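The next block holds one structure in the form of structure tokens; read it before the comments.
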Amino acid sequence: MSVLAHVFEAAGIATVVLSSVREMAVKVAPPRALHCEFPLGRPLGKPGDAVFQHDVLRQAFALLDAPSGPVLVDYPDVIEADKEQVACALPPRYDPSLPAAVDEANGLRRAYDRARARRGVTSVGRVVDADGVPDAVAVLVAIAGGAEWKSAGIPGGNTTALCHDIRTYYEEAALELVNGPRPGARALEDWFFDQTEAGKIVLQARAAIRDSGAKAPVWFYMTPAHRL
């Protein structure tokens, strides 16, 4: 976003950046940035707290009055990332003849449908929709098991978009099953990769593609960078 801010400004469009990583804002120096020391995935700070969120936006837009830039201002409140854990019971195995990750994806469909009906939107759909998620998981199962990734039938030929759809499908379903407060983005990430069969398969398929000698863009962005 900081880099894009320079592009928009060059075209005559004033910008304000909400910074999540201060070092990046310092390095790239967008014309105006409000650094918010909040957990990643929560750019406005407190879910469901309209007063707090409006204050963040108010202070961000106030930077438009700065006489010159670059301007980097720290939002006064700091929110520490807590060690959340998602209490989400995964569905029991339904069809033992299927790979565990595929069976799991099928089992989450009702929760996903409830989530989509409640919210009215979904972020699944870059290369597959909800109907295609189990088959997409099956492709990764095959790659993790030794199938050549180039001929495995990766939807759209895009590993990054494929993994985005699978993970988003899981996380949207999880929000319908979770017990307790609404979890943050990092907690859902940990749940997906550490507790679900699909998350484990994504990691295994990523490693298999990497070890095959594929160029980094093919496999690197299948997961967050710290998930080695």
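Using 0.36 nm times the number of residues separating residue 55 and residue 114, minus their current alpha carbon distance, what extension gain do you get?
Contour length minus Cα-Cα distance gives 18.0 nm.
What is the fewest-to-most order of 168, 122 by other Cβ atoms lying within 10 Å of their Cβ?
Exposure proxy ranking, most exposed first: 122, 168.
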Over the chain, what is the mean sequence separation of C-alpha contacts under 8 Å (at least six apart), divided by residue count, expressed as relative contact order in percent?
-> 18 percent
Here, residue 207 and residue 221, labelled 7 Å along Cα→Cβ, have an inter-label distance in nm of 2.4 nm
Sparsely packed GluC sites (Glu not before Pro) within the stretch 143-217, loop by DSSP, other Cβ within 10 Å at most 16 = 148
Expected sort for 2, 151 with the fewest Cβ neighbours (10 Å cutoff) up front is 151, 2
The answer for residue 19, listing residues at least 5 apart or on another chain whose modeled amide H is closer than 5 Å to its amide H, is 34, 35, 36
What's the lysine pair count for the chain at a Cα cut-off below 25 Å, pairs eight or more apart or interchain?
-> 5
Using a Förster distance of 30 Å, the FRET efficiency for residue 158-residue 29 (Cβ separation, nearest 0.05) | 0.40
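Could you calculate the contour length gain from residue 94 to residue 3, that is, 0.36 nm times the residue separation minus the distance between their Cα atoms, to one decimal place in nm?
Here the segment from residue 94 to residue 3 would lengthen by 28.0 nm.
Every number here is computed from the coordinates shown, using simple stated rules; none is lab data. Fair warning: this is a prediction, and the values are worked out from it, not measured in the lab. Cβ coordinates were reconstructed from backbone atoms using ideal geometry, including for glycine residues, and neighbour counts include every protein chain displayed.
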